[in-house]
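S.K.: Before I ask anything, let me first share the structure, which is written out below as structure tokens.
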Amino acid sequence: MHSFKQKYLINFWDNSKSLIALGILSAVYFGIFGGVWAVTGEMTRWGGEFLELFGMDLEGYSYYKIQNLSGTPLTRSDGVMLIGMFIGAIVAALWANKVKFRLPASKIRIIQAIIGGLLSGYGARLAFGCNLADFFTGLPYFSLHTWLFTIFMVFGIYLAVKVCNLPLFKPKAKLIRTDKENCSLIKQQGRARLHFVLGSAIFIAFLFWVAYLLSTNGNITLANKQSLLALALIFGFTFGFIIARGQICFTSCFRDLFLFGRDNAIKGAILGMVIASLIAFAFILGGNSSKVIELSPAVALGAFLFGFGIVFAGGCECGWTYRACEGQSHFMIVGVANILGTMILALTYDFLPTAFKSGAKINLLTEFGNLGGFSINLFLFGLMFALVLMYKRYFFAKFNQRKNYANT
């Protein structure tokens, strides 16, 4: 029992394997709910409902009409799923004794959290999707706009990596002399036990909520959306638990490649997406339909702002979710700024030029046939994988060149 607890509830899980598991689960989620695992759309609804609490009439705002504010977070499957994600992340953090309130490392980090959060929230909703709906759970579903999003997101990430490497954004480390006799680590067994009990209590409450939804919404059927709320809650909890234990932040997929030449995360993400594409293809042949967005300048600009924002802030939606649940105040600020960014976009969307938002909708399966579209998507995944390997080789060749130059 102790070894199980240590291995699965306390130790971090392998990052790439966690991404593969998320890819499979997200595809099954698509098969059941008919929509992809996504979070910023529901966060946009939360922002709109917050404004309505203060008496603001949102009837005249087209973006909120598109997002559909009907129902509440407790009656929408997306809302229940997102709440489940937070529950899963906090339970995982408590069981692993990772919860500790921490202040931002410096004032500049607070500025980065606000600006990066605003940019990523605004950009995600301008492109009608974030690193989930337009990347990880977007690329496997055959809409060409997701590849456009990915290209410009990577450009934004690359630029942000360069900007964040400037001396201004690097907090200075302070060396503090300590007494050797008092510098040993103190293992707080009492706090660990308390956190585990608290996490278990929240988990039990979660199980009661699942049981309540099952008892009040009747037998689970795909036709009855209310009956799927229990499943949405379970999926959300599982998503949140995995991102916390696997430390999943999609920001690191490309950022770590550009900074350190590490490709573990992006390789896991690509493999997870390939498997998800296979499963999604089967569901689509069975009658499911994927979301298709226009190939527009809005998608390109939104992706660029989102990519820049998540690196500047230090984390994407998945990243700030589990880190905020661990007590890191920096990512609590990122989360609030992210939702504010979605609100700003929704309130100003009608002022954007129509031509900026228009374009062709291209579903690869429709344009090239089922087999042709599926093959093109797999080819693009293969191309992405090859480019990752090429960049890694280039990175270390350049690194070794600099190292050899320094030794001469």
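The values are calculated or read from the model by the stated rules, or taken from the named source; none is laboratory data. Note that the coordinates shown come from a computational prediction; the quantities given were computed from them, not determined experimentally. Neighbour counts are summed over all protein chains in view; Cβ atoms, including those assigned to glycine, are modelled from backbone coordinates with ideal geometry. Ligands, DNA and RNA are excluded from the accessible area calculation, which covers all protein heavy atoms including side chains. Shrake-Rupley method; radii C 1.70, N 1.55, O 1.52, S 1.80 Å.
S.K.: Select from the range 6-45 the residues that are under 22 Å from residue 63 (Cα atoms) and of a type outside the set (Gly, Ala, Ser) and list them in ascending order.
M.R.: Selection gives 36, 37, 39, 40, 42, 43, 44, 45.
S.K.: Within the range 355-366, is even one residue charged (D, E, K, R) and closer than 27 Å to residue 97 by Cα?
M.R.: no
So that you can scan it fast, the table gives a plain yes or no per residue for (1) farther than 19 Å from residue 349 by Cβ; (2) in contact with a helix residue (DSSP H, G or I) (Cβ under 7 Å, 6 or more places away or on another chain):
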| site | (1), (2) |
| --- | --- |
| 274 | yes, yes |
| 279 | yes, yes |
| 287 | yes, no |
| 294 | no, yes |
| 305 | no, yes |
| 310 | yes, yes |
| 316 | yes, yes |
| 320 | yes, yes |
| 324 | yes, yes |
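S.K.: Go through the range 215-254 and give me each residue that's in a loop (DSSP other than H, G, I, E, B) and in contact (Cβ under 8 Å) with a residue 12 or more places away in the chain.
M.R.: Matches in the range 215-254: 217, 222, 246, 247, 248, 249, 250.
S.K.: What are the residues in the range 319-369 that are under 25 Å from residue 94 (Cα atoms) and touching a Phe, Trp or Tyr at 6+ places or on another chain (Cβ under 6 Å), if any?
M.R.: 320, 323, 324, 327, 331, 334, 335
S.K.: Could you tell me which of the residues 333, 344, 293 is aliphatic (A, V, I, L, M), more than 26 Å from residue 51 (Cα to Cα) and either modelled with pLDDT of 95 or more or touching a strand residue (DSSP E or B) at 6+ places or on another chain (Cβ under 7 Å) (or both)?
M.R.: 293
S.K.: Could I ask something else about it? Within the set of pairs 6+ apart or on separate chains, which have a first residue in the range 371-390 that is in contact (Cβ under 8 Å) with a residue 40 or more places away in the chain and more than 18 Å from residue 149 (Cα to Cα), a second that is open to solvent by less than 30 Å² (accessible area, probe 1.4 Å) and among the small types (Gly, Ala, Ser), and C-beta atoms under 9 Å apart?
M.R.: 374/277
S.K.: What number of residues within the range 1-57 satisfy the criterion of being β-branched (Val, Ile, Thr), at pLDDT 95 or above and farther than 18 Å from residue 134 by Cα?
M.R.: 0
S.K.: Can I ask one more? When you scan the range 69-92, do you find a residue that is open to solvent by less than 40 Å² (accessible area, probe 1.4 Å), in a helix (DSSP H, G or I) and of a type in the set (D, E, K, R), even just one?
M.R.: Checked the range 69-92: no residue is open to solvent by less than 40 Å² (accessible area, probe 1.4 Å), in a helix (DSSP H, G or I) and of a type in the set (D, E, K, R).
S.K.: For the list (1) in contact (Cβ under 8 Å) with a residue 24 or more places away in the chain; (2) aliphatic (A, V, I, L, M); (3) over 30 Å from residue 313 (Cβ atoms), I need the number of the one condition that residue 207 fails.
M.R.: Here residue 207 clears every test but (1).
S.K.: Take residue 261 and tell me if it is among the small types (Gly, Ala, Ser) and modelled with pLDDT under 95.
M.R.: In short, yes.
S.K.: Still on this structure: Here is a list: 402, 393, 323. Which entry is part of a helix (DSSP H, G or I), crowded, with 22+ Cβ neighbours inside 10 Å and basic (Lys, Arg)?
M.R.: Testing whether each residue is part of a helix (DSSP H, G or I), crowded, with 22+ Cβ neighbours inside 10 Å and basic (Lys, Arg) leaves just 323.
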